[in-house]
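Enquirer: My questions will all concern the structure given below.
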Amino acid sequence: MSWFNFLRVSLIGAGILFLSIMFPFWKPIVWGITIAIISSPLNNLLLKYIKSKHLSSFLTTLLVIVVVAIPITLAVLIMINEIEKFIDNIDAIKQAFESVVLKVQSIYHLKVFAPWINKIDNFLFSALQQIGVFTTNHLGAVFSQVYTLVAEFIFSFITAFYFIKDGNRFLSYMSELSGDKNNFDKVILSIKQVVKATILGGVLTALIQGCVGALGFLAVGLNTFFMWMFLIALFSFVPMIGTAIVWVPVAIYFFIIGKYLSGLFIIIWGVVAIGLIDNYVRPLIISSQISMHPMFLFFGILGAVFVFGPIGILLGPIILSIADVLARSYIESKKSKT
């Protein structure tokens, strides 16, 4: 009995130390496991023609990197091209704003506000210069963030490679350690289903939001379609703020230049068309792939984002799914005993 207690206490202590060591890398590990789950069909296909697990896992990881990198590179190149077109209009925007300022100044009752309006004018159109100065002064912090992102990217794919190659060994080891293979397998199956559904839901939601948002911008004369589509799709993954970081400044711009109907249209389009897609389409897509009510998914994703940050979009459904599987297993075990 004493030996059993010693072993159990030692195992708990070792487990705590192990988790402490791995904790700084938990995000790359989560993303690595996600990549491994998503790319498992590709690896299984390659294994039919390549008998080496090591080579197959390496090629799978490499292909995933290429598949991720090429669309992002093309999107960035297209966006840079369209941003250049957009920047060409900055002078026209400034002239339009200054004409609005002159109109306001010409109104007798508002002349007292003229100095403040001039200050706003100078502030708005020196913002780009200030951003450059800020970036220069905080260059160390910028490089630190870039280094962190690059390091997490590399660690994620290293983790993915090993989970693709040795995932079954890890799972077999964990299954033996759990002492309940049946319920362990249910949890793992649930995690795989949720990860696939969440990634599918996130990507589809981002694409739909990007296209819908860019179409709305196109309707009011902003012709750089791919730039807006890319920005809206990108910021759809940002918690809380989301796509509003794109369409709110656009609406403000239209109000500044006096196109009030266009500004009002963008606000309505942003709240109703773009916003509702994220709130309803994402949970519906995910819930269509797994047996979970969209309401629980909505609050689960939102709550997980509050707790974990952007990665909560993935962790929220996983945690809910694990809790659901364990609850169902507990209910079944109680029924079997009665």
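Enquirer: SER99 versus (1) assigned to a helix (DSSP H, G or I); (2) modelled with pLDDT of 80 or more: which is the lone unmet condition?
Expert: That leaves (2) as the condition not met.
Enquirer: Return the residue satisfying two criteria in turn: it lies in the range 259-283 and is among the hydrophobic types (A, V, I, L, M, F, W, C) and free of Cβ contacts under 8 Å to residues at least 24 places away in the same chain, and of such residues it is nearest to LEU207 (Cα to Cα).
Expert: Of the residues in the range 259-283, the ones among the hydrophobic types (A, V, I, L, M, F, W, C) are 261, 264-269, 271-274, 276-277, 281.
This time we only want the ones that are free of Cβ contacts under 8 Å to residues at least 24 places away in the same chain, so: 261, 264, 267-268, 271-272, 276.
Working: LEU261: 27, LEU264: 24, ILE267: 20, ILE268: 20, VAL271: 17, VAL272: 17, LEU276: 14 Å.
My answer is LEU276.
Enquirer: Filter the range 34-55 for residues that are in contact (Cβ under 8 Å) with a residue 60 or more places away in the chain and surrounded by 16 or more Cβ atoms within 10 Å (Cβ to Cβ) and give the result. Show your work before the answer.
Expert: Just the residues of the range 34-55 that are in contact (Cβ under 8 Å) with a residue 60 or more places away in the chain, to begin with: 34-40, 43, 53-54.
Scanning the range 34-55 gives THR34, ILE35, ALA36, ILE37, ILE38, SER39, SER40, ASN43.
Enquirer: A further question follows. So which of LYS259, LYS334 is surrounded by fewer than 16 Cβ atoms within 10 Å (Cβ to Cβ) and of a type in the set (Lys, Arg)?
Expert: On the way: LYS259 fails: surrounded by fewer than 16 Cβ atoms within 10 Å (Cβ to Cβ).
Matching residue, one of LYS259, LYS334: LYS334.
Enquirer: May I pose another question? Do we find a residue being within 26 Å of ALA151 (Cα to Cα), in contact with a Leu (Cβ under 9 Å, 6 or more places away or on another chain) and in contact (Cβ under 8 Å) with a residue 12 or more places away in the chain anywhere in the range 19-30?
Expert: yes
Enquirer: Restricting to the range 255-298, count the residues that are under 30 Å from ILE191 (Cβ atoms) and not acidic (Asp, Glu).
Expert: First pass over the range 255-298, keeping only residues under 30 Å from ILE191 (Cβ atoms): 275-298.
Among the residues that remain, those that are also not acidic (Asp, Glu) are: 275-277, 279-298.
Residues meeting the conditions: 23.
Enquirer: Looking only at the range 285-300, decide whether some residue is within 15 Å of the chain's Cα centre (by Cα) and surrounded by fewer than 18 Cβ atoms within 10 Å (Cβ to Cβ).
Expert: no
Enquirer: Could you pull out the residue among ALA273, ALA304 that is hydrophobic (A, V, I, L, M, F, W, C) and surrounded by fewer than 17 Cβ atoms within 10 Å (Cβ to Cβ)? Step through it out loud before you land on a result.
Expert: On the way: ALA304 fails: surrounded by fewer than 17 Cβ atoms within 10 Å (Cβ to Cβ).
Answer to the check: ALA273.
Enquirer: Can you say whether GLY216 is of a type outside the set (Asp, Glu), assigned to a loop (DSSP other than H, G, I, E, B) and in contact (Cβ under 8 Å) with a residue 12 or more places away in the chain, as far as the supplied structure shows?
Expert: On the way: of a type outside the set (Asp, Glu): yes; assigned to a loop (DSSP other than H, G, I, E, B): no; in contact (Cβ under 8 Å) with a residue 12 or more places away in the chain: yes.
Spelling it out, it is not the case that GLY216 is of a type outside the set (Asp, Glu), assigned to a loop (DSSP other than H, G, I, E, B) and in contact (Cβ under 8 Å) with a residue 12 or more places away in the chain.
Enquirer: Give the range 199-213 a look and list any residue that's touching a residue at least 60 places away in the same chain (Cβ under 8 Å) and among the hydrophobic types (A, V, I, L, M, F, W, C), or say none.
Expert: If we filter the range 199-213 for residues that are touching a residue at least 60 places away in the same chain (Cβ under 8 Å), which is where we start, we get 199-202, 204-205, 208-209, 212-213.
If the condition is that a residue be touching a residue at least 60 places away in the same chain (Cβ under 8 Å) and among the hydrophobic types (A, V, I, L, M, F, W, C), then ILE199, LEU200, LEU204, ILE208, VAL212 are the ones that fit.
Enquirer: Would you kindly identify the helices (runs of 4 or more DSSP H) lying entirely within the range 244-338 that contain at least 3 residues that are in contact with an Asp or Glu (Cβ under 7 Å, 6 or more places away or on another chain)? Can you show your working first?
Expert: Working: elements: 244-256, 260-268, 282-289, 294-308, 312-337.
In the range 244-338, there are no helices (runs of 4 or more DSSP H) which contain 3 or more residues that are in contact with an Asp or Glu (Cβ under 7 Å, 6 or more places away or on another chain).
Enquirer: If you check every pair at least six apart or on different chains, which have Cβ atoms under 8 Å apart with a residue in the range 316-329 that is charged (D, E, K, R) first and a residue that is part of a helix (DSSP H, G or I) second?
Expert: ASP324/SER190
Enquirer: Test of understanding: among LEU264, LEU276, which residue is in the same structural domain as VAL305 (by TED's automatic domain parsing) and either at pLDDT below 85 or small (Gly, Ala, Ser) (or both)?
Expert: Details: LEU264 fails: either at pLDDT below 85 or small (Gly, Ala, Ser) (or both).
Answer to the check: LEU276.
Enquirer: How about the range 194-205: which of its residues are surrounded by fewer than 17 Cβ atoms within 10 Å (Cβ to Cβ) and under 17 Å from SER321 (Cβ atoms)?
Expert: LEU200
Enquirer: Of all residues in the range 204-243, how many are of a type in the set (A, V, I, L, M) and at pLDDT below 80?
Expert: Applying the first criterion (of a type in the set (A, V, I, L, M)) to the range 204-243 yields 204, 206-208, 212, 214-215, 218-220, 222, 227, 229, 231-234, 238, 240-241.
Applying the additional criterion that residues be at pLDDT below 80 yields 222, 227, 231, 234, 238, 240-241.
Residues that pass the stated criteria total 7.
Enquirer: Name the residue, out of ARG328, ARG282, that is farther than 23 Å from VAL30 by Cβ and not hydrophobic (A, V, I, L, M, F, W, C). Before the answer, list the steps.
Expert: On the way: ARG282 fails: farther than 23 Å from VAL30 by Cβ.
From the options ARG328, ARG282, the qualifying one is ARG328.
Enquirer: Can you tell me which residues in the range 8-33 are under 17 Å from PHE170 (Cα atoms) and exposed (fewer than 11 other Cβ atoms within 10 Å of the Cβ)?
Expert: PHE18, LEU19, MET22
The values are calculated or read from the model by the stated rules, or taken from the named source; none is laboratory data. The structure presented is a predicted model; accordingly, all values stated were derived computationally and were not measured. Cβ coordinates were reconstructed from backbone atoms using ideal geometry, including for glycine residues, and neighbour counts include every protein chain displayed.
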